[in-house]
């Protein structure tokens, strides 16, 4: 496909998509919580799902219950009692009573799209120059998977949530929210497969749907570390919230212990050539392509955030027995969040006896505890009128016990012999979103990635993403957008040398997409 045909085809797709969605009307969505409370998705979502508005965040902070202790007022489908309420006064001589949802607390989500791609780069390390597999392609992606969504409560203090494909749950956890001083929300305990609160900006609830945040999935390529925040980690977490003065804003905190498994980056950065070899070696050591764990060490993390202004982080209850589902994306406020994650993972290192080189490309001695890595940063999330502005500074530090060495000409045909133990990356992210009309939400993101590796450094690059969400129904959205980067197509200068670029796979390809996302 030539460039002219490529661009004309994309414009045709956009026009068709716009015509398809010219006449929206308000409709109730029917995922589990919408059915439970008989309310539209827009009650809790910022314009559209899956991003949460201030009320949705407060619902989340209250353990998946209505803020202000008003949950029972708004439940329209009465739960099934598991024991009489009087049993609580007989405890421990009786089982503590509880409830289960009246109907199965389950929903579904389908995504389908049409995509056009242009490969970047065209001359990758260890690959064939100008190879045709992703050179310029167009592809219809049918409804290739059906995502299951479930969530609900078991009585006053237990709640549950899960999401994933039929055969593999991406997230699933049970949360306990005890009453302290007659209130809930100050302290919670949850366990399972967690979307960790330490994640700088969760990709599960992003507005831009074309790709996860790079800071959630970026691997440290030259050390072979594919750990990531996204999609989830198995472990336990304690967390809590407290409204600020006057019921505005407030404090949120979390701490957790998790396994520390490989993230989705090992699938997203699906490059060929040398990158493909590194992924294969890492997968072999992890025992699989996704969710692999290298050792018995546990990772830990802490997070604290404070919201200035706007709705209280625990909400304040709804008024007059009604839920607002229009115009509720407005919440003039600024949220500042700091996070720190400390983990241990494996690495190929130089042989301490023979001195032979070890690295994730050629293998060598694999020390399952060699990489002591950190992820930390600060997030600013501001809402004003119809706008949401996000700024994040994320930092990645991989410190290798021992050293990683690349011989001359390996992982870069014109590269010298290099050795080191420090592999760092800084990522700066900015995003702006705007509700132009209740059914039109454009968004733009810029992500600047700056690796700094002792050995086999990677040239800095910037990724740009723009899309527009059109909402013909509250539970049905159409998305059209483009993502592109300034990642070089050909050899570029690094430390005075012309070095061929790493193939990061389709994640950095120039991509045009239009698709639909339906929850029911």
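Give the residues of the range 215-261 that are assigned to a helix (DSSP H, G or I) and either in contact with a strand residue (DSSP E or B) (Cβ under 9 Å, 6 or more places away or on another chain) or closer than 19 Å to residue 201 by Cα (or both), sorted by residue number. Hits for the range 215-261 are 215, 216, 217, 221, 222, 223, 247. Looking across the range 174-196, the residues that are assigned to a loop (DSSP other than H, G, I, E, B), farther than 16 Å from residue 255 by Cβ and free of Cβ contacts under 8 Å to residues at least 40 places away in the same chain come down to 178, 179, 181, 182. Determine, yes or no, whether residue 29 is part of a helix (DSSP H, G or I) and either in contact with a strand residue (DSSP E or B) (Cβ under 9 Å, 6 or more places away or on another chain) or at pLDDT 75 or above (or both). In short, no. Here residue 324 fulfils each of the conditions (1) part of a loop (DSSP other than H, G, I, E, B); (2) crowded, with 20+ Cβ neighbours inside 10 Å; (3) modelled with pLDDT under 95 apart from (2).
Criterion applied to 338, 288 was being at pLDDT 90 or above and either within 23 Å of the chain's Cα centre (by Cα) or closer than 20 Å to residue 126 by Cβ (or both), and the one residue passing it is 338.
Of the residues 185, 273, the single one that is surrounded by 23 or more Cβ atoms within 10 Å (Cβ to Cβ), on the phi > 0 side of the Ramachandran plot and modelled with pLDDT under 95 is 185.
Is it the case that residue 88 is part of a helix (DSSP H, G or I), out of contact with any helix residue (DSSP H, G or I) (no Cβ under 6 Å at 6 or more places or on another chain) and surrounded by fewer than 18 Cβ atoms within 10 Å (Cβ to Cβ)? Yes, satisfied.
Residue count for the range 458-472, restricted to those that are more than 20 Å from residue 511 (Cα to Cα) and surrounded by 20 or more Cβ atoms within 10 Å (Cβ to Cβ): 2. For a quick check of your reading of the model, give me the residue pairs whose first member lies in the range 396-413 and is without any contact (Cβ under 8 Å) to a residue 24 or more places away in the chain, whose second is outside any loop (DSSP other than H, G, I, E, B), with beta-carbon atoms closer than 8 Å and at least 6 apart or on different chains. As it stands, the answer is none, since no pair meets every condition given. Taking the range 47-66 as the range and being assigned to a loop (DSSP other than H, G, I, E, B) and at pLDDT 80 or above as the test, the residues that pass are 49, 50, 51, 53, 62, 63, 64, 65, 66. In this structure, does residue 254 turn out to be within 26 Å of residue 164 (Cβ to Cβ) and modelled with pLDDT of 95 or more? Yes. Looking at 481, 412, can you tell me which residue is in a strand (DSSP E or B) and buried (at least 22 other Cβ atoms within 10 Å of the Cβ)? On inspection, the qualifying residue turns out to be 481. None of 355, 402 is part of a loop (DSSP other than H, G, I, E, B), surrounded by fewer than 18 Cβ atoms within 10 Å (Cβ to Cβ) and modelled with pLDDT under 95 except 355.
Taking residue 295 as the residue in question, decide whether it is within 29 Å of residue 168 (Cα to Cα) and either under 18 Å from the mean Cα position of the chain (by Cα) or not in a helix (DSSP H, G or I) (or both). Considered against the rule, which asks whether it is within 29 Å of residue 168 (Cα to Cα) and either under 18 Å from the mean Cα position of the chain (by Cα) or not in a helix (DSSP H, G or I) (or both), residue 295 comes out as yes.
The values are calculated or read from the model by the stated rules, or taken from the named source; none is laboratory data. Quick caveat: nothing in here was measured; it's all calculated off a predicted structure. A quick note on method: Cβ atoms are made from the backbone with ideal geometry, for glycine too, and the neighbour counts reach across all protein chains shown.
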